[in-house]
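Participant: Have a look at the structure that comes next, please.
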């Protein structure tokens with residue numbers, strides 16, 4: 001018995017050693033890859049997509065003059081928020097990172113991970129004054145600024161297929177009644193009046209965002225977001241819900257919208273091929289159509305702002321959507337001066353020109369000068385004027401609320417559309433959302 | 001990694017000789033050590049951590065805060081959670097009911113010696129080689145109401161709103177699951193059917209039993225143990241269905257296809273409520289264990305006897 005026992009101990013030790021070695025080897029490889037605030041570097045973490053071209057260019061510009069070098073890290077695809085959440089409280093955290101402002105950074109602020117930008121702004125007031133105020137404010141948390149706008153603004157617009165509208169004798173609607181009339185006329189022509197990618201859920205949410213604004217003004221949602229849950233029971237809220245109900249029941253979206261998605265090109269193709277008349281979508285609809293249906297984008301893609309509602313209190317110029325993306329700064333960065341210098345580039349002429357070149361619309365005050373150089377000048381100018389004049393630009397609800405609210409919120413809007421929730425059920429679901 | 005493990009295996013392999021010379025024929029614990037080490041590291045430790053996390057409140061930032069029974073009381077008051085368990089069971093049961101008859105028939109057929117059998121079997125096997133993600137994306141596109149099959153077959157699909165209503169969405173999930181996993185179970189049944197002794201069929205033929213009779217009185221009873229194995233695999237697979245839901249329905253419409261595994265993902269990785277997500281995970285472990293025990297009990301798998309006794 002003695003021999004086997006000794007051997008099994010030896011084997012056990014060997015295996016344990018082997019395991020230990022391989023594990024530590026795995027760990028060793030990654031220790032140097034990101035490393036927040038290494039001795040002479042700052043790490044900039046951004047959402048990985050086509051827009052990285054500009055970020056690379058800016059980092060190169062920065063590195064030409066700065067002693068502290070910037071390193072650009074990207075996380076590709078839709079997993080950005082998840083991965084950010086897992087690294088942000090570790091030593092792998094970046095110094096500067098991309099985000100959507102509002103609710104997307106609130107948990108980080110609460111965990112005391114972010115640097116308020118007050119001091120930067122005191123030293124360089126242009127860091128705030130160079131941006132459109134409605135945009136800059138959406139990265140303000142607890143009264144303090146935490147983000148500097150980067151990339152472009154993406155208001156939600158009512159897109160249309162000009163040819164389909166003309167065939168049905170319809171013009172882009174100025175009022176809600178115009179829209180109801182257009183729905184009737186398009187239905188009579190056998191066309192789905194409004195394309196909706198209900199399978200993605202967030203396109204459905206856009207209808208709520210705009211109707212609440214037009215009917216009751218931006219304050220109702222702000223109140224609800226601030227924790228006053230009675231806002232959801234207000235007369236304005238109920239009226240907006242009633243109007244949505246009527247629109248759905250009138251067949252404005254057809255019957256199979258929940259099987260259609262925007263993200264797999266379902267709803268944009270409906271619009272482009274003339275099977276639908278309208279689509280309410282973020283400004284990226286334009287570049288989506290340019291990519292997949294260039295001829296349509298050039299000739300027949302029309303756009304207008306959301307119609308007004310008679311008797312409603314919301315200004316016709318109010319917008320909803322993604323106000324902008326932002327750069328936020330980690331509190332523990334070792335090179336605040338370098339970070340401040342890097343942020344200055346976000347309103348430089350070079351930044352604006354580069355963003356316009358790839359189809360983004362920056363929200364700096366100097367953007368206007370360069371609008372002519374944009375990939376589609378008329379569209380850029382139209383959007384810029386809207387954003388500049390907007391009395392209120394409401395960040396998309398699912399981004400304004402904390403992350404934990406977005407799934408139940410998406411479910412509630414989908415269920416309200418398909419009849420799974422009535423008005424009271426929807427109000428209860430919204431009241432149950434966590435606000436802070 | 002591979003080399004070190006192989007080395008350990010080589011060391012372990014030398015042992016039987018020494019054992020036999022010592023007159024002991026039973027392998028010791030060391031044989032199981034590599035597998036046990038991995039199992040403990042990647043299954044037991046995470047399970048314990050999940051159990052601990054389920055009593056905390058944690059959003060992934062900072063350290064978890066002890067929350068007592070909070071997650072658990074919320075869980076049992078949560079209508080979505082209870083509904084998700086029911087949906088998981090429903091999808092599992094439907095999966096077993098659809099896949100079992102199909103795979104038995106295909107498997108028994110594939111066990112024969114017909115012309116072209118090998119080629120057709122190979123073709124039937126293809127779906128299993130594709131990743132669940134690819135399969136889901138494929139069917140999502142094929143079932144698009146405006147540009148997919150439903151738009152060309154309105155007599156069958158109506159307005160094509162398959163994924164926009166609960167019955168349709170569950171139907172699609174069960175169908176896609178069956179399309180992908182029937183080949184696997186077919187393979188199991190094929191092997192089992194091949195193992196049935198030919199003498200049984202020869203004897204039946206002499207007694208004048210036809211093909212149908214042979215199938216019901218020889219093949220099916222002989223496949224009993226295989227059926228239980230295959231069904232347990234289907235139950236486990238069904239309860240942990242995730243990728244098809246993620247890509248085809250995202251738990252929608254509303255929460256109509258939010259099965260437990262997907263709800264766990266939503267809580268933990270969409271809402272960053274790791275405490276609640278862990279509680280769901282643990283509950284799922286318990287439910288799956290109970291169901292497996294019931295299956296084993298009811299089927300008599302625990303006191304299973306050889307099906308070729310007396311031959």
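The values are calculated or read from the model by the stated rules, or taken from the named source; none is laboratory data. Keep in mind the model is a prediction, meaning the values are calculated, not measured. Counting neighbours? That spans all protein chains shown, and the Cβs are built from the backbone with ideal geometry, glycine included.
Participant: Scan the helices (runs of 4 or more DSSP H) fully inside region B:197-303 and keep the ones with 2 or more residues being away from every other protein chain (no Cβ under 14 Å) and modelled with pLDDT under 90.
Facilitator: Per the criteria, B:224-239, B:274-299.
Residue by residue, here is whether (1) within 30 Å of residue A:237 (Cα to Cα); (2) modelled with pLDDT of 90 or more holds:
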{"residue": "A:276", "(1), (2)": "yes, yes"}
{"residue": "A:281", "(1), (2)": "yes, yes"}
{"residue": "A:290", "(1), (2)": "no, no"}
{"residue": "A:293", "(1), (2)": "no, yes"}
{"residue": "A:301", "(1), (2)": "no, yes"}
{"residue": "A:310", "(1), (2)": "yes, yes"}
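Participant: If you don't mind, another one. Return the only residue of B:242, B:181, B:215 being on the phi < 0 side of the Ramachandran plot, touching a residue at least 60 places away in the same chain (Cβ under 8 Å) and surrounded by fewer than 19 Cβ atoms within 10 Å (Cβ to Cβ).
Facilitator: Within the list B:242, B:181, B:215, the selection yields B:215.
Participant: Let me ask you something else. Across region A:247-285, what is the total count of residues that are in contact (Cβ under 8 Å) with a residue 60 or more places away in the chain and either assigned to a helix (DSSP H, G or I) or within 14 Å of residue A:207 (Cβ to Cβ) (or both)?
Facilitator: Residues flagged as in contact (Cβ under 8 Å) with a residue 60 or more places away in the chain and either assigned to a helix (DSSP H, G or I) or within 14 Å of residue A:207 (Cβ to Cβ) (or both) within region A:247-285 amount to 22.
Participant: At least 3 residues that are more than 30 Å from residue A:432 (Cα to Cα) and either in contact with a helix residue (DSSP H, G or I) (Cβ under 8 Å, 6 or more places away or on another chain) or within 14 Å of chain B (Cβ to nearest Cβ) (or both) in each: list the helices (runs of 4 or more DSSP H) lying fully within region A:354-407 that qualify.
Facilitator: Qualifying helices (runs of 4 or more DSSP H): A:367-370, A:377-389.
Participant: Hey, another quick one. I'd like to know if region A:152-166 contains one or more residues that are in a helix (DSSP H, G or I) and under 18 Å from residue A:330 (Cα atoms).
Facilitator: Checked region A:152-166: no residue is in a helix (DSSP H, G or I) and under 18 Å from residue A:330 (Cα atoms).
Participant: Would you list the strands (runs of 3 or more DSSP E) that sit entirely within region A:41-151 and hold 2 or more residues that are under 17 Å from residue A:337 (Cβ atoms) and over 17 Å from the mean Cα position of the chain (by Cα)?
Facilitator: The qualifying strands (runs of 3 or more DSSP E) are A:41-48, A:69-76.
Participant: Restricting to region B:150-167, name every residue that is away from chain A (no Cβ under 12 Å) and assigned to a helix (DSSP H, G or I).
Facilitator: Residues satisfying the conditions are B:152, B:155, B:156, B:167.
Participant: Hey, another quick one. Considering region B:38-64 alone, what residues qualify as being exposed (fewer than 11 other Cβ atoms within 10 Å of the Cβ) and either under 27 Å from residue B:252 (Cα atoms) or within 14 Å of chain A (Cβ to nearest Cβ) (or both)?
Facilitator: B:42, B:63 - these are the residues of region B:38-64 that are exposed (fewer than 11 other Cβ atoms within 10 Å of the Cβ) and either under 27 Å from residue B:252 (Cα atoms) or within 14 Å of chain A (Cβ to nearest Cβ) (or both).
Participant: Residue B:260 is checked against (1) over 23 Å from the mean Cα position of the chain (by Cα); (2) buried (at least 19 other Cβ atoms within 10 Å of the Cβ) and fails just one. What number does that condition carry?
Facilitator: The number of the failed condition is (1).
Participant: Further, regarding this structure: Look through region A:192-212, keep the residues that are in contact with a strand residue (DSSP E or B) (Cβ under 6 Å, 6 or more places away or on another chain) and within 12 Å of chain B (Cβ to nearest Cβ), and return whichever of them is farthest from residue B:255 (Cα to Cα).
Facilitator: A:192
Participant: Could you pull out the residue among A:347, A:379 that is more than 22 Å from residue A:327 (Cβ to Cβ) and crowded, with 18+ Cβ neighbours inside 10 Å?
Facilitator: Unique residue meeting the criteria: A:379.
Participant: Output the residue which, of all residues in region B:123-149 that are within 12 Å of another protein chain (Cβ to nearest Cβ) and in a loop (DSSP other than H, G, I, E, B), is surrounded by the most Cβ atoms within 10 Å (Cβ to Cβ).
Facilitator: Per the stated criteria, the residue is B:145.
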